[in-house]
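Q: Handing you this structure, nothing more for now.
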Amino acid sequence: MTRDAIDDRLRRWVASHRRVFALTGAGCSTASGIPDYRDDRGEWKRRAPVMIQAFLTQPAVYRRYWARAYAGWPRFTAAAPNAAHRAFAAWEAAGPLVQLVTQNVDRLHQRAGSRTVIDLHGRLDNVVCLRCGDRTARVALQETMADANRAWRPESATAPDGDADIDDAVIESFAAPRCERCAGLLKPDVVFFGENVPRERYADACEALAGAEALLVAGSSLMVYSGFRFVRLAHEAGLPIAIVNRGRTRGDDLAGLKIEGDVGATLTEAVAALAA
Ligand SMILES: [Zn+2]
């Protein structure tokens, strides 16, 4: 099939649905410089991300998480919305996109102008104390960590979700942050692997899906069940499902339309045709 024929299928799909629920994943943010966890076959590209139990019970894992997060933060905050984020914002402004649910924690959809966004896995720019519940801005914690780690200068590569690769020996010298009020453990306000999406947030997304007439998945391999379950729900409800992703996804068998490709390029074109 030619590239034009593929693009035309998505254009027609976008043009033919008035109430669309969209689910986005890491593939939407890679063009912004935030790497993806998985390759084209949905397999881990690198060491698997931190599991919540290890984070809570192993001080070395807690320290490693925060050392990497600290080193990766400048690059993470420098990321700006790309064509994919702008296409979703334009689609919403045009009317037919009624709910955007993202698995990303970078808030780039909101920065591109999307309003009806559910951050399914939370947001990395907030930090919560696991003991007293105190909430702080991640940017403020970055300052606190900088003060406590004046001599600490890791040479690092950027990794997914504001993370960075650092040698284990270097990590041992990093002073991990604690709550300034109660000395409890701090965690970014994101859903870690091994954790569930908060019940109310999931219910809000389900309610939006119930009011939609079609589901689009963009830039997600759907390997995480919290995202994949919306595809299953949509399929059970008989909704048309389209998937735009570079590489295989867990939902391919349930989708009536699968577009292999870059989300930004394909969706920009499809949404532009809608406005024309
Ligand atoms: Zn606390």
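The values are calculated or read from the model by the stated rules, or taken from the named source; none is laboratory data. Note that this is a predicted model, so its numbers are computed, not measured. In this analysis, Cβ positions are derived from the backbone assuming ideal geometry, glycine residues included, and neighbour counts consider all displayed protein chains. Quick note on the areas: whole protein, heavy atoms, side chains included, nothing else; ligands and nucleic acids left out. Shrake-Rupley method; radii C 1.70, N 1.55, O 1.52, S 1.80 Å.
Q: Counting only residues 5 or more places away or on other chains, whose amide H sits under 5 Å from the amide H of Ile259 once H atoms are built in the peptide plane?
A: Ile243, Val244, Asn245
Q: In Å², and per residue, what accessible area does region 57-167 have when probed at 1.4 Å with the other protein chains present? Numbers along the way, then the final one.
A: Working: 4880 Å² over 111 residues.
With the other protein chains kept in place, region 57-167 gives 44 Å² per residue.
Q: For region 231-276, just say rounded, prolate or oblate: build the C-alpha gyration tensor, square-root its eigenvalues into a ≥ b ≥ c, call rounded for a/c under 1.5, and beyond that prolate if a/b exceeds b/c, oblate if not. Display every interim value, and only then the final one.
A: Working: a/c = 3.55, a/b = 1.50, b/c = 2.37.
Because a/c hits 1.5 or more and a/b fails to exceed b/c, region 231-276 counts as oblate.
Q: How much net charge surrounds His235 when only the other residues with a Cβ under 13 Å from the Cβ of His235 are counted, with Lys and Arg +1 and Asp and Glu -1?
A: Values: positive: Arg229, Arg232, Arg250; negative: Glu236, Asp252, Asp253.
The answer is 0.
Q: Could you check how much of the accessible area of the chain is carbon and sulfur, as a whole percent, using a 1.4 Å probe? Write down the numbers at each step before the final one.
A: Numbers: 6320 of 12980 Å².
Carbon plus sulfur share of accessible area: 49 percent.
Q: Sticking with this one: Percent relative contact order of the chain, based on C-alpha pairs within less than 8 angstrom and at least six residues apart?
A: Relative contact order, the chain: 29 percent.
Q: Sticking with this one: Once Rh for the chain is found with the Kirkwood sum over Cα pairs, what is the Stokes-Einstein diffusion coefficient at 10 °C and 1.306 mPa s, in µm²/s? Don't skip to the answer; put the middle values down first.
A: Working: Rh = 19.5 Å.
My calculation gives 81 µm²/s for D.
Q: Of Leu185, Ala234, Ala275, which is farthest on the positive side of the dipole of region 143-275, counting Cα position, with +1 on Lys and Arg Cβ, -1 on Asp and Glu Cβ, and the Cα centre as origin?
A: With unit charges placed on the Cβ atoms, the residue in question is Ala234.
Q: Give me Rg/Rg_expected for region 122-238, where Rg uses Cα atoms only and Rg_expected = 2.2 N^0.38 Å with N residues.
A: On the way: Rg = 18.7 Å, N = 117, 2.2 N^0.38 = 13.4 Å.
It is 1.39.
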